[in-house]
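Reading through the structure tokens given below for one structure.
The values are calculated or read from the model by the stated rules, or taken from the named source; none is laboratory data. Since this is a predicted model, take the numbers as computed values, not measurements. When we count neighbours, we look across all protein chains shown, and the Cβ atoms used for this are built from the backbone with ideal geometry, even at glycine.
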């Protein structure tokens, strides 16, 4: 994959992670508080917290890939 294509893919992944982590993506994971069968925790943590952490890991991965693959001094 060339640098330009990788740059575009990483930008798309990063923007998706930003949107899904703290934006409308929360509505996908947030349980209905009136539902008696709703599950509010995953691994002992609130679902929303785990959801946010997942997307922060995706952002970190995109940053690390960009750091090691794209942000090089060609001189």
### Task
Identify the residue in the stretch 3-32 that is more than 30 Å from residue 73 (Cα to Cα) and loosely packed, with under 12 Cβ neighbours inside 10 Å and, among all such residues, is modelled with the lowest pLDDT.
32
### Summary
Reported set for the stretch 33-44 where residues are touching a helix residue (DSSP H, G or I) at 6+ places or on another chain (Cβ under 8 Å) and surrounded by 10 or more Cβ atoms within 10 Å (Cβ to Cβ) is 40, 41, 42
### Task
Consider residue 49 carefully, then state whether it is assigned to a helix (DSSP H, G or I), over 9 Å from the mean Cα position of the chain (by Cα), under 25 Å from residue 4 (Cβ atoms) and free of Cβ contacts under 8 Å to residues at least 24 places away in the same chain.
no
